[in-house]
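Report on the following structure.
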Amino acid sequence: MTTTHVDLAAWPDVAAVPRPGIRAAVARRLFEHAVSRLPITVTYGPPRSETTGPVMRIARPDAFFARLGDSGLIGFGESYMAGDWEADDLPALLTTFAERLPALVPKPLQRLRRMAVRPHPADEDGDLDGARRNAAHHYDLSNDLFALFLDESMTYSSALFDGQDDLAAAQRRKIDRLLDLTGVGPGTRVMEIGTGWGELAVRAGRRGARVESLTLSTEQRDLATARVARAGLAERVHVAVRDYREAEGVHDVVLSIEMIEAVGERHWPEYFATLHRLLAPGGRTGLQAITMPHDRMLASRGTYTWIQKYIFPGGLLPSTEAIEKHAAAAGLVPTDRFAFGPHYAETLRRWRDRFTESEREAAAFGFDHVFRRMWKFYLAYSEAGFRSGYLDVHQFLLRKHA
């Protein structure tokens, strides 16, 4: 393994290893009991010649179990960032864990969950100020970083594949399906909540729609605006840095792709009320959302996770039940739902492969070794969620009464 200089001062919770103690000892016993029932191989040294399933090599056991005991699953991710452990096939290993996640912790200890987990930081709440900070944390990292692993459409959500087509074609198929579902065409007044880098706005504009697209990321706004101009659509498509709650006007269609995950449970009623307010009578909302089972959402909604700490602060994945319940309460009638979770697993695999191939470029952009390990863990962790069936992704059609 090549050793890379890392400025650990930039990652204080990765640089500082908790003191080993009783929590580390308990974590080791629980971990070894759990993995003994899984089709994986855990080693504390050189790999054995005979292995079962994915291999996890724990290079620094004391640090690994100290982090696990101190911070649970956050510590598990931080220990990977620090290099305490490696995996020959990280997505396969994490998929095996995800498939059996609810059963890995003994039931008596599951009841102590709320005592052991950390609360969500107050400054990551999805109010107006918090939402801007949360968005900047992720989406303002660098357009160059995202361009390393996204396709030419710069679409950062699940693609919809048809056989072995390329990623860009699959992304455009996903967008076109949502535009077709909501009837976007010539003269349609469209509000998009969550611009990304502008592909949906451009495709809607090319259909003759008039599009107002909102983002909280200045990096995204700048690139999306440039792409709109290059497409010759500046008169029909406008991109603004604005919170969804500040949106104005009356629209035939509101579109929002994988943005609700960042809203936060406390603000779901406000989010759906805004969708309703923005729609003309009889208008349609096309919503794409990552979902998790309702019982798991209820069990985990108070847990501060590794993903929230390092990747998407302030968010929570909804269930389909939560989405349809809050939509109906706001006066939006769910009329169509389409699931395509396996397509997200394939999307993430392709993103991870592209990022791995582009690590040198990421380093040249100033993203250090810890960041690059964090990003690979994030992509593999997410892929595992969809491969295991723990996560899904849906497109919803919601209608406002005429």
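Do the conditions hold for Asp144, that is, is it at pLDDT below 95, surrounded by fewer than 16 Cβ atoms within 10 Å (Cβ to Cβ), out of contact with any Asp or Glu (no Cβ under 6 Å at 6 or more places or on another chain) and more than 29 Å from Val250 (Cβ to Cβ)?
The answer is no for Asp144.
State yes or no: is Tyr271 among the aromatic types (Phe, Trp, Tyr), under 26 Å from Leu145 (Cα atoms) and assigned by TED's automatic domain parsing to the domain that holds Phe340? Break it down into steps so the answer makes sense when it comes.
Details: among the aromatic types (Phe, Trp, Tyr): yes; under 26 Å from Leu145 (Cα atoms): no; assigned by TED's automatic domain parsing to the domain that holds Phe340: yes.
Criteria not met by Tyr271.
Among residues belonging to segment 330-347 that are hydrophobic (A, V, I, L, M, F, W, C) and touching a Phe, Trp or Tyr at 6+ places or on another chain (Cβ under 7 Å), point out the one that is nearest to Val393 (Cα to Cα). Walk me through how you get there before you give the answer.
Filtering segment 330-347 down to residues hydrophobic (A, V, I, L, M, F, W, C) leaves 330, 332-333, 338-340, 345.
Narrowing further to those that are touching a Phe, Trp or Tyr at 6+ places or on another chain (Cβ under 7 Å): 330, 332, 345.
On the way: Ala330: 22, Leu332: 20, Ala345: 10 Å.
So, considering only residues that are hydrophobic (A, V, I, L, M, F, W, C) and touching a Phe, Trp or Tyr at 6+ places or on another chain (Cβ under 7 Å), the one nearest to Val393 (Cα to Cα) is Ala345.
How many residues, within segment 149-178, are part of a loop (DSSP other than H, G, I, E, B), surrounded by 20 or more Cβ atoms within 10 Å (Cβ to Cβ) and not polar (S, T, N, Q)?
Pass one, segment 149-178, residues part of a loop (DSSP other than H, G, I, E, B): 150-166.
Next, from what is left, pick out any that are surrounded by 20 or more Cβ atoms within 10 Å (Cβ to Cβ): 150-151, 153, 155-161.
Next cut, not polar (S, T, N, Q) only: 150-151, 156, 159-161.
Adding up the residues that qualify gives 6.
Any residue that is without any contact (Cβ under 8 Å) to a residue 60 or more places away in the chain and either under 23 Å from His138 (Cβ atoms) or assigned by TED's automatic domain parsing to the domain that holds His137 (or both) - is there at least one of those in segment 280-292?
Let us first name the residues in segment 280-292 that are without any contact (Cβ under 8 Å) to a residue 60 or more places away in the chain, namely none.
No: zero hits.
What residue, of Arg296, Arg360, Arg352, Arg373, is touching a Gly at 6+ places or on another chain (Cβ under 8 Å), assigned to a helix (DSSP H, G or I) and either farther than 22 Å from Gly249 by Cα or modelled with pLDDT under 95 (or both)? Spell out how you get there, then give the answer.
Numbers: Arg296 fails: touching a Gly at 6+ places or on another chain (Cβ under 8 Å); Arg360 fails: touching a Gly at 6+ places or on another chain (Cβ under 8 Å); Arg352 fails: touching a Gly at 6+ places or on another chain (Cβ under 8 Å).
Among Arg296, Arg360, Arg352, Arg373, only Arg373 is touching a Gly at 6+ places or on another chain (Cβ under 8 Å), assigned to a helix (DSSP H, G or I) and either farther than 22 Å from Gly249 by Cα or modelled with pLDDT under 95 (or both).
Would you confirm, using the coordinates I've provided, whether Leu167 is among the hydrophobic types (A, V, I, L, M, F, W, C), in contact with an Asp or Glu (Cβ under 6 Å, 6 or more places away or on another chain) and in contact (Cβ under 8 Å) with a residue 24 or more places away in the chain? Even if it seems obvious, please write down each step before you answer.
Working: among the hydrophobic types (A, V, I, L, M, F, W, C): yes; in contact with an Asp or Glu (Cβ under 6 Å, 6 or more places away or on another chain): yes; in contact (Cβ under 8 Å) with a residue 24 or more places away in the chain: yes.
Yes.
Collect the residues in segment 311-329 that are without any contact (Cβ under 8 Å) to a residue 40 or more places away in the chain and closer than 14 Å to Leu398 by Cα, keeping them in residue-number order. Please lay out each step first, then the result.
Filtering segment 311-329 down to residues without any contact (Cβ under 8 Å) to a residue 40 or more places away in the chain leaves 319, 321, 325, 328.
Glu321, Lys325, Ala328, listed by residue number.
Scan segment 395-402 and tell me whether some residue there is more than 12 Å from the chain's Cα centre (by Cα) and at pLDDT below 95.
Keep residues of segment 395-402 that are more than 12 Å from the chain's Cα centre (by Cα), which gives 395-402.
Applying the additional criterion that residues be at pLDDT below 95 yields 401-402.
Checking segment 395-402: at least one residue is more than 12 Å from the chain's Cα centre (by Cα) and at pLDDT below 95.
Could you check segment 234-262 and list, in sequence order, the residues that are buried (at least 22 other Cβ atoms within 10 Å of the Cβ), closer than 18 Å to His138 by Cα and of a type in the set (Val, Ile, Thr)?
Passing the criteria: Ile257, Ile260.
How many residues are more than 17 Å from the chain's Cα centre (by Cα), outside any helix (DSSP H, G or I) and basic (Lys, Arg) if we restrict to segment 301-340?
Residues that pass the stated criteria total 1.
Modelled with pLDDT of 95 or more and not assigned by TED's automatic domain parsing to the domain that holds Arg372: which single residue out of Leu167, Leu94, Leu160, Leu109 fits that description? Working first, answer last.
Details: Leu167 fails: not assigned by TED's automatic domain parsing to the domain that holds Arg372; Leu160 fails: not assigned by TED's automatic domain parsing to the domain that holds Arg372; Leu109 fails: modelled with pLDDT of 95 or more.
Only one candidate passes the filter, namely Leu94.
Say whether the condition of being at positive phi, crowded, with 16+ Cβ neighbours inside 10 Å and either modelled with pLDDT of 95 or more or assigned by TED's automatic domain parsing to the domain that holds Ala159 (or both) is met by at least one residue in segment 319-337.
First pass over segment 319-337, keeping only residues at positive phi: 331.
Cutting the leftovers down to crowded, with 16+ Cβ neighbours inside 10 Å gives us 331.
Filter once more, keeping what is either modelled with pLDDT of 95 or more or assigned by TED's automatic domain parsing to the domain that holds Ala159 (or both): 331.
Yes: one or more hits.
Can you name every residue in segment 301-318 that is buried (at least 18 other Cβ atoms within 10 Å of the Cβ) and of a type outside the set (A, V, I, L, M, F, W, C)?
Taking segment 301-318 as the starting set, the residues that turn out to be buried (at least 18 other Cβ atoms within 10 Å of the Cβ) are 303-318.
Answer for segment 301-318, where residues must be buried (at least 18 other Cβ atoms within 10 Å of the Cβ) and of a type outside the set (A, V, I, L, M, F, W, C): Thr303, Tyr304, Thr305, Gln308, Lys309, Tyr310, Pro313, Gly314, Gly315, Pro318.
Among the residues of segment 179-233, write down those that are part of a loop (DSSP other than H, G, I, E, B) and without any contact (Cβ under 8 Å) to a residue 60 or more places away in the chain. Walk me through it before giving the result.
Filtering segment 179-233 down to residues part of a loop (DSSP other than H, G, I, E, B) leaves 182-188, 194-198, 207-209, 216-217, 231-233.
If the condition is that a residue be part of a loop (DSSP other than H, G, I, E, B) and without any contact (Cβ under 8 Å) to a residue 60 or more places away in the chain, then Gly185, Pro186, Gly187, Thr195, Trp197, Gly198, Arg207, Gly208, Ala209, Ala231, Gly232, Leu233 are the ones that fit.
Pull up segment 47-69, narrow it to residues that are surrounded by fewer than 18 Cβ atoms within 10 Å (Cβ to Cβ) and under 13 Å from Asp88 (Cβ atoms), then point me to the one that is farthest from the chain's Cα centre (by Cα). Lay out the reasoning, then the answer.
Initial filter on segment 47-69 (surrounded by fewer than 18 Cβ atoms within 10 Å (Cβ to Cβ)): 47-53, 57, 59-62.
Pick out the ones that are also under 13 Å from Asp88 (Cβ atoms) and you get 47-48, 51-53, 57.
On the way: Pro47: 32, Arg48: 35, Thr51: 32, Thr52: 30, Gly53: 27, Arg57: 27 Å.
The residue in question is Arg48.
The values are calculated or read from the model by the stated rules, or taken from the named source; none is laboratory data. For clarity, every value in this text was computed on a predicted model and none was experimentally measured. Every residue, glycine as well, gets a Cβ built from its backbone with ideal geometry; the counts of neighbours run over all protein chains shown.
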